[in-house]
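The values are calculated or read from the model by the stated rules, or taken from the named source; none is laboratory data. Computed from a predicted structure; not experimentally measured. Here Cβ is always computed from backbone atoms with ideal geometry, including for glycine, and neighbour counts include all displayed protein chains.
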Amino acid sequence: MRLPTVSQFKSQMSTLSRQFEDIGRLQEQTTTGKKLRRSSENPMLADKIKSVTNAMQTTKSYDLNNTVATSRLSLTSSTTQQSINLLDQIKDLILSAQSDTLSNENRASIAQELKGYADTLLGMANTQDNNGEYIFSGMSSHIPPWVKEAGLYRYMGESEITRIDLESHTSVPFNDSGFRVFGDIKSGNGYFSVSADTANNTGSGILSSVKQVNTAAMVHDDYTVTFVTNAAGELAYQLVGASSGQLIPALPATSPADAPAYEAGHDIIFNGISMQINGAPDVGDEFYIDQSKTQNVFDALDAVIDILSKPVNTPKDRADLHQILGENSSSLNQAFNHLLQYSTEVGNRGKTVDEMKIMAEMRTLEQEKMMDRFSNAPMEEVVSDLTQRMTALELTQQSYLKIQETLHKLFMNFR
């Protein structure tokens, strides 16, 4: 008889122990579906699982930001579009108010309608989200961005905006600056704004049709047109630039003696600019061509409401009406175009959000595949391996029993 050694016995015990452990691990995998019970079983694989888990949490966080950004953009877009639609209606009303066939009562009625529109527009500029935050207050989202004080509108929010991250290097604005949206608007035609000294003018002249005719020659300056009597006793005009000095009559001619006679509707060209004055101005009347300045949409609308609320009883009243309506109508056109540009910008943000959402969905799918590969046990392989190990265990147990029987017989013989 070949006798088993102690070493063989120990080896057999070790094999049995290892097989029981492997079978226990495989049985747990069939129950949990996971490859690892504890990190110590496979530290390298555990690190990979941890890395993918962290990446999935980051992606989930960005996905939540994406949802929040989508909701905010939807609110911003709808508010902007409503503001654009409202301004379009306001422009039509102002156009109708310029008709000389309207009565004072008609204009007063239009003024009342515009007051309602002004309140609605202010409400849009002070839009809040479901959490009560003002979407156009910049970083100060807890305070109303626009207030009216002493007859003038003031922006109370912050110029700095908040942004929301969609990726590690990609973000979009979240709370915009209401000043930029409703206040950073050029007056007049965007280059120049025109006005008259309505408080002191006595005639019925109207300054209009100021435009560029030679961009290269245009001089940015503030100009004053004053009506005078020239040496021939004619109604004439002189034009002076705040920085350019006397332009009409051109030096070395003197003013008012050499000032050119006024012709209604005649193109007056200077420093690359063309203008027209119509109506019947009086000597001493002044008109101004100033560089466009920043203006909010509400003050421009209030100026229209104010002039429409005043009765028109004289030619001078009518001239003041047309002067103020014409200028502020141009300013509101600037506001309309400004909001259109902003609406396009908001639309482009939406495209960015959509692109980031698609990328996040693709990344999530890839991360889920990696997690499945690293973390989840392949059940077919596990079941097959478990069957093989159970068979091997059975053989090992049989071998172990034979060794025990042999040792037992040997022990009995020695007795």
Take TYR223 and decide whether it is aromatic (Phe, Trp, Tyr), farther than 20 Å from GLU327 by Cβ and at pLDDT 95 or above. no
Could you tell me how many of the residues in region 179-216 are more than 18 Å from ALA242 (Cβ to Cβ) and of a type in the set (Gly, Ala, Ser)? 9
Residues in region 139-153 that are under 27 Å from ASP88 (Cβ atoms) and buried (at least 16 other Cβ atoms within 10 Å of the Cβ) total 4
Looking at (1) within 23 Å of ASN328 (Cβ to Cβ); (2) out of contact with any strand residue (DSSP E or B) (no Cβ under 6 Å at 6 or more places or on another chain); (3) without any contact (Cβ under 8 Å) to a residue 24 or more places away in the chain, find the lone condition where GLY265 falls short. (2)
Checklist (1) of a type outside the set (Phe, Trp, Tyr); (2) in the same structural domain as GLY123 (by TED's automatic domain parsing); (3) under 13 Å from ALA196 (Cβ atoms) applied to GLU286, failing item: (2)
Could you please give the count of residues in region 130-168 that are closer than 30 Å to VAL304 by Cα and assigned to a loop (DSSP other than H, G, I, E, B)? 12
Considering only residues that are in contact with a Ser or Thr (Cβ under 7 Å, 6 or more places away or on another chain) and closer than 14 Å to ASP267 by Cα, which ones fall in region 211-230? LYS211, VAL213
When you go through LEU64, LEU114, LEU75 one by one, which is the residue that is of a type in the set (A, V, I, L, M, F, W, C), touching a helix residue (DSSP H, G or I) at 6+ places or on another chain (Cβ under 8 Å) and either closer than 30 Å to GLU167 by Cα or in the same structural domain as GLN334 (by TED's automatic domain parsing) (or both)? LEU114
Being surrounded by 15 or more Cβ atoms within 10 Å (Cβ to Cβ) and either modelled with pLDDT of 80 or more or at positive phi (or both) narrows it down to one of ASP385, ASP317, ASP306, ASP354, so name that one. ASP317
Counting only residues that are more than 18 Å from the chain's Cα centre (by Cα) and without any contact (Cβ under 8 Å) to a residue 12 or more places away in the chain, region 143-170 contains a total of 5
I'm told GLY265 meets every condition in (1) more than 39 Å from the chain's Cα centre (by Cα); (2) at pLDDT 95 or above; (3) not charged (D, E, K, R) except one. Can you identify the failing condition by its number? (2)
Just checking, does region 113-122 include any residue being more than 21 Å from ASP88 (Cα to Cα) and not hydrophobic (A, V, I, L, M, F, W, C)? no
When region 169-197 is examined, which residues are found to be outside any strand (DSSP E or B) and buried (at least 22 other Cβ atoms within 10 Å of the Cβ)? ASP176, GLY178, PHE179, VAL181, PHE182, GLY183, SER187, GLY188
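Yes/no matrix, rows are residues, columns are (1) part of a helix (DSSP H, G or I); (2) over 19 Å from TYR153 (Cβ atoms); (3) in contact with a strand residue (DSSP E or B) (Cβ under 8 Å, 6 or more places away or on another chain):
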{"residue": "THR80", "(1), (2), (3)": "yes, no, no"}
{"residue": "LEU86", "(1), (2), (3)": "yes, no, no"}
{"residue": "GLN89", "(1), (2), (3)": "yes, yes, no"}
{"residue": "LEU102", "(1), (2), (3)": "no, yes, no"}
{"residue": "GLU105", "(1), (2), (3)": "yes, yes, no"}
{"residue": "ALA108", "(1), (2), (3)": "yes, yes, no"}
{"residue": "ALA111", "(1), (2), (3)": "yes, no, no"}
{"residue": "TYR117", "(1), (2), (3)": "yes, no, no"}
{"residue": "GLY123", "(1), (2), (3)": "yes, no, no"}
Leading residue by the ranking (farthest from GLY326 (Cα to Cα)) among those in region 181-216 that are under 36 Å from the mean Cα position of the chain (by Cα) and hydrophobic (A, V, I, L, M, F, W, C): ALA216
Could you figure out which of (1) outside the structural domain of LEU73 (by TED's automatic domain parsing); (2) under 22 Å from GLN334 (Cα atoms) isn't true of VAL228? (2)
